[in-house]
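Contents: one structure, followed by commentary.
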Amino acid sequence: MKGIKDFYKGKRVLVTGHTGFKGAWLARILLNCGAKVSGVALKPETRPNLFGLLRLKYKLSNHFADVRNFKKLKEIILKEKPEIVFHLAAQPLVRRSYDDPLYTLETNIMGTANLLQAIKEYGRVRSAVIITTDKVYKNKRLSRAFKEEDELGGRDPYSASKVAAEIVIDSHSRSFFGVQDYGVSHKTLVASARAGNVIGGGDWSEDRLLPDIVKSIFEHDGKVIIRNPGHVRAWQHVLEPLRGYLLLARELYQGKKRFSGGWNFGPNAENFLSVEELLEKTFGILGRGSYSVKKDAGKFEEHVLRLNSDKARKLLNWRASFDIDKALRMTLDWYRGFYNGEDVIHITDQQINSFFS
Ligand SMILES: NC(=O)c1ccc[n+]([C@@H]2O[C@H](COP(=O)([O-])OP(=O)(O)OC[C@H]3O[C@@H](n4cnc5c(N)ncnc54)[C@H](O)[C@@H]3O)[C@@H](O)[C@H]2O)c1
């Protein structure tokens, strides 16, 4: 933590999507480092939510605004004057993207384009990390994990929106934030970050496996309904990719041009588990729970998604440090603490400190 803390101390950092699951964790880490944090996002959607539990509204410079509104976004950037930007605001749910594809496309594509344009017009951001997803890769049923240079492609509306966001990021990087013009016509380096399915305390989103399990066990009768027991996912604790984003933004800030571009931050091979395997592990740790399968046609989701993170390992010295058991135990400890009425800020800080040390 010390290296990261020393770097972020006093830095002006904007986090979009800070009212969401990953954004709230990231904002808390940055605040703990002593950064001057601002945030742009919609009001939190779920009750409860991590943004409220961590009392972020009172600890950072908070803006409830829509990233589809360029004028507003630019106003906020001009006011907050960030040196570093993490863009996490998005409609992140595959199944919801089938119900509202236009909203998903507008938010994820135009939200990204608006942010990059605002950064360009402001001109003083040094480092921007834009979060996309492991679902940007064209799934050709490869026997190996996806590398950063693999072909992109998205079958469902969410994946399509993030692929388009990647293309916007790449074209903006080449047209306006090109490494050859760095220090001449601009001072900004931009990267995109692709991670897998993250788990961790404080997520109550709909249609996500861990929140569904947690709600059923701690709030209902312990029976979980799942749709795709055989789907394999890259499960990782939320702190793992967040550390990758923090390391990446630091390198970009320091003007290291080779760090612009796409980055994978996936878990180790043993963390690739099917939904069914993850459920069984979770029930084992909690000592209770059962599930049934409810198939629903028409909402296709990719089966197997594996990320190759060799680039991050080699160049950023980043590696996933938790195996799936550790990631799950930490997640379930967090929720157990919350449902037992313990101090959530304390639990969150303890987990951040133990992870970074
Ligand atoms: N959670 C995962 O497993 C996962 C995996 C891969 C990638 N991601 C990506 O990480 C990022 C954060 O995901 P999350 O899990 O924290 O999601 P989340 O739903 O918890 O949070 C989304 C955030 O985006 C904000 N947002 C949504 N629409 C907006 C709009 N129109 N204007 C302004 N803000 C808006 C919300 O207010 C919220 O703060 C997203 O870009 C997502 O695609 C998440």
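The values are calculated or read from the model by the stated rules, or taken from the named source; none is laboratory data. Remember, predicted model here, so these are calculated numbers, not experimental data. Cβ coordinates were reconstructed from backbone atoms using ideal geometry, including for glycine residues, and neighbour counts include every protein chain displayed. Areas reflect the complete protein model, heavy atoms only, side chains present, ligands, DNA and RNA absent. Shrake-Rupley method; radii C 1.70, N 1.55, O 1.52, S 1.80 Å.
General remarks:
- The share of alpha-carbon pairs in the stretch 165-224 lying farther apart than 13 Å comes to 70%.
- Calculated P(r) of the chain - Cα pairs past 25 Å, %: 51
- Carbon and sulfur %, accessible surface of the stretch 234-276 computed with the full protein complex present, 1.4 Å: 44
- In the stretch 111-264, Rg over Rh equals 1.04, where Rg is the alpha-carbon radius of gyration and Rh the Kirkwood radius from pairwise Cα distances.
- Centre separation in Å (Cα based) which lies between the stretch 226-243 and the stretch 8-41: 23
- Evaluated at q = 0.15, 0.19 Å⁻¹, the base-10 log of the normalised Debye intensity for the stretch 243-331, with identical point scatterers placed on the Cα atoms, takes the values -0.77, -0.97.
- Rounded to the nearest 5, the antiparallel percentage of DSSP beta bridges internal to the chain is 10%.
- In this structure the amide hydrogen of residue 192, modeled in the peptide plane, comes within under 5 Å of the amide hydrogens of 130, 261, 262, 263, none closer than 5 places in sequence on its chain.
- Binned Cα-Cα distances of the stretch 88-194, short to long, each 5 Å bin given as a whole percent: 2, 13, 22, 21, 17, 13, 8, 3, 1, 0
- Selected from 273, 317, 291, residue furthest toward positive end of dipole (the stretch 228-357; charges at beta carbon): 317
- Taking only the Cα atoms of the stretch 1-84, the ratio Rg/Rh comes out at 0.97, with Rh defined as the Kirkwood radius.
- FRET E, pair residue 315, residue 143, Förster distance 22 Å, beta-carbon r, rounded to 0.05: 0.30
- Cβ-derived FRET efficiency at R0 35 Å, residue 207 paired with residue 254, nearest 0.05: 0.35
- Most tightly packed first, judged by the mean number of other beta-carbon atoms within 10 Å of their residues, the peptides 150-163, 21-34 read 21-34, 150-163.
- Residues whose placed amide H lies under 5 Å from that of residue 133, excluding near-sequence neighbours: 195
- For the stretch 188-269, alpha-carbon Rg and Dmax in angstrom: 16.8, 53
- Peptides ranked, highest mean first, by Cβ atoms within 10 Å: ranges 219-231, 104-116: 104-116, 219-231
- Put a plus charge on the Cβ of each Lys and Arg, a minus charge on the Cβ of each Asp and Glu, and nothing anywhere else: the dipole of the chain about its Cα centre is then about 1100 debye.
- Reducing the stretch 139-191 and the stretch 61-119 to their Cα centroids gives an inter-centroid distance of 17 Å.
- Listed residue (201, 220, 164) projecting farthest to the positive dipole end of the stretch 77-224, Cβ model: 164
- Among beta bridges that DSSP assigns inside the stretch 34-157, antiparallel share in %, nearest 5: 10
- Estimated 222 nm signal from helices in the chain, with DSSP H stretches of n ≥ 4 weighted -39500 (n - 2.57), rounded to 500: -12500 deg cm²/dmol
- In percent, rounded to a whole number, the relative contact order of the stretch 156-308 is 31, using alpha-carbon pairs under 8 Å and six or more apart.
- The residues of the chain present an accessible area of 42 Å² per residue when probed at 1.4 Å with all protein chains retained.
- Peptide ranges 126-138, 337-349 listed from the most packed, as the mean C-beta count within 10 angstrom indicates: 126-138, 337-349
- Stretch gain in nm, segment residue 120-residue 95, where the contour uses 0.36 nm per residue and the Cα spacing is subtracted: 5.7 nm
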